1. What tally of residues in the stretch 270-303 results from selecting those that are out of contact with any Lys or Arg (no Cβ under 7 Å at 6 or more places or on another chain), in a loop (DSSP other than H, G, I, E, B) and either closer than 18 Å to D211 by Cβ or at pLDDT 95 or above (or both)?
2. Hey, does the stretch 121-131 have a residue that's over 29 Å from A311 (Cβ atoms) and either buried (at least 21 other Cβ atoms within 10 Å of the Cβ) or more than 26 Å from the chain's Cα centre (by Cα) (or both)?
3. So which of A136, A64 is within 28 Å of G471 (Cβ to Cβ) and touching a Lys or Arg at 6+ places or on another chain (Cβ under 6 Å)?
4. In the stretch 157-166, is there at least one residue being under 23 Å from A27 (Cα atoms) and crowded, with 24+ Cβ neighbours inside 10 Å?
5. Considering the stretch 224-241 alone, what residues qualify as being of a type in the set (S, T, N, Q) and either out of contact with any His (no Cβ under 9 Å at 6 or more places or on another chain) or assigned to a helix (DSSP H, G or I) (or both)?
6. Please enumerate the residues belonging to the stretch 198-214 that are of a type outside the set (G, A, S) and part of a helix (DSSP H, G or I).
7. Could you list, in sequence order, all residues of the stretch 471-494 that are surrounded by 12 or more Cβ atoms within 10 Å (Cβ to Cβ), at pLDDT below 85 and either assigned to a loop (DSSP other than H, G, I, E, B) or among the charged types (D, E, K, R) (or both)?
Amino acid sequence: MPGAHDLGTHDLGAHDLGAHVRKFNRASVLVVGDAMLDRYVYGEVTRVSPEAPVPILTVTREIAMPGGAGNVVRNLIALDGAAAFVSVVGDDQAGSELTGLVGGQERVEPWLLVHGGRTTTLKTRYIAQGQHLMRADREETRLLPEKLTERLIRIAIDAMAATTVTVLSDYRKGVLSPDVAGALITNAKKLGRKIIVDPKGRDYSLYRGADVITPNRKELHEATLMPTGTDAEVVAAARALIERHEFGAVLATRAEDGMSLVTRDEAHHFPAEAREVYDVSGAGDTVVATLATALAVEVPLPEAARLANIAGGIVVGKVGTAVARPSDLLAAISPVTGTLTKVVTPAAAAEAAERWRLRGYKVGFTNGCFDLLHPGHVHLLEQCRAMCDRLIVGINSDASVKRLKGPARPAQTEAARAAVLASLASVDLVCLFEEDTPIELIRQIKPDLLIKGADYTRATVVGADLVESWGGSVALAELLPGHSTTATLARLRG
């Protein structure tokens, strides 16, 4: 059809997209919407209850994180942007915990107003062997009282003046009443700020005049009562909304069919990016956050939508309510091939370890300078891999090696050392760390098994107490006699 385009990564230029991503740390976004607390309870199911035909979940750990509009903020921060967050919580334990989680994030200015007597939305998911068993919700959806609404609008308008793009994240829990949405959209126009709405429900009139709305295919159908199965049908339904409510554009997410960006004059269709889908939780929040971050640094709307589509494909390939980071986007835009795909950031290593654990794999970790790979290293790493299902190797950065070994070291750069380690079949991931010890990396990865050579003792292994604190263990691997980095370097230097 006229004005319709099917766009892949190379159509917009990987170089240009990468340049946009590198500007994300200049983004400043306001998020207003329904804050929630997402709690994940992980465990194992090995038997059925004798009291009723239900599985018994033996709980092994729990994780809590911001959900709803709070997850949009979490994604913005992961993308290196800054965020102001205006929302409401109840005067309860979940509200207190959520406030702490949001306030503990860097580059977030939180305005979480407390509504006495209100129940903070809490979603608890029970998961065993990577499968959701059930979800239990506790929530309240009544609209805010008049005085609290006025205060929220006043704070949000002040924050809007200090940011570039505003996101309204509507989960229909009472924060984004018609009065709130209408006032914020009107003031965004006055201030010359772009406003993006992640809508809920069938009545989109309360979002009238928004620059971009981001319904999924089902929501687009329910809001228009029009078919949304094909490209042409999505375009027709989106344009009906644009005409009816004076939207600037509709970005419709279409699951396995990718995404469609529709304006009055053009339509862009982006194919799905995910290679494997593990979990779609929170993917819509990632799309909205990426779109907002890109628009905040003046990326043209079609390219911003393209980046949002890539980010959505990244997070559905992760486990749990995940986030996309600039490094993830850059890797997807200009993918590294071969063994270098094993060289990852600490955050990526932590996410991979989590994914492996949920599949029942035992994750091992070892570390070192690996300044000059020799048979002793190979022997050690093969032993490490034999003790676990997946092995992550931490290596000291060049600056760290120099501090530990002296100004003449390292003999090889960190890039060279990482590439050689990644080429070994015994190594699943390689991760650089800047500190003198790997303690922070261990804290992020949370390995099940920490392994060092037999020249160490349990008492001298950095991170041993930490790993054992979450139920992991420490092992010492045999050394290959006569092979060490010092001896190898001495032989090479003659």
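1. 3
2. No, the stretch 121-131 contains no residue that is over 29 Å from A311 (Cβ atoms) and either buried (at least 21 other Cβ atoms within 10 Å of the Cβ) or more than 26 Å from the chain's Cα centre (by Cα) (or both).
3. Answer to the selection: A64.
4. If we filter the stretch 157-166 for residues that are under 23 Å from A27 (Cα atoms), which is where we start, we get 157-166.
If we keep only those that are crowded, with 24+ Cβ neighbours inside 10 Å as well, we get 165-166.
The answer is yes, given that some residue of the stretch 157-166 is under 23 Å from A27 (Cα atoms) and crowded, with 24+ Cβ neighbours inside 10 Å.
5. Residues of the stretch 224-241 that are of a type in the set (S, T, N, Q), as a first pass: 224, 228, 230.
Across the stretch 224-241, the qualifying residues are T224, T230.
6. Here is the first cut: in the stretch 198-214, the ones of a type outside the set (G, A, S) are 198-200, 202-204, 206-208, 211-214.
Hits for the stretch 198-214 are Y204, L206, Y207.
7. Taking the stretch 471-494 and keeping what is surrounded by 12 or more Cβ atoms within 10 Å (Cβ to Cβ), we get 472-477, 479-480, 483-485, 487-489.
Narrowing further to those that are at pLDDT below 85: 479-480, 483-485, 487-489.
Across the stretch 471-494, the qualifying residues are L479, L480, H483, S484.
Condition check ((1) open to solvent by 60 Å² or more (accessible area, probe 1.4 Å); (2) out of contact with any strand residue (DSSP E or B) (no Cβ under 7 Å at 6 or more places or on another chain); (3) at pLDDT below 95; (4) on the phi < 0 side of the Ramachandran plot) across all residues:
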| site | (1), (2), (3), (4) |
| --- | --- |
| D198 | no, no, no, yes |
| G201 | no, yes, yes, no |
| V212 | no, no, no, yes |
| R217 | no, no, yes, yes |
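The values are calculated or read from the model by the stated rules, or taken from the named source; none is laboratory data. Keep in mind that this is a model prediction, so the values were computed, not measured. Cβ: placed from backbone, ideal geometry, glycine included. Neighbour counts: every protein chain shown. Each accessible area value is taken on the protein alone, full model and side chains, heavy atoms only, with ligands, DNA and RNA left out. Shrake-Rupley method; radii C 1.70, N 1.55, O 1.52, S 1.80 Å.
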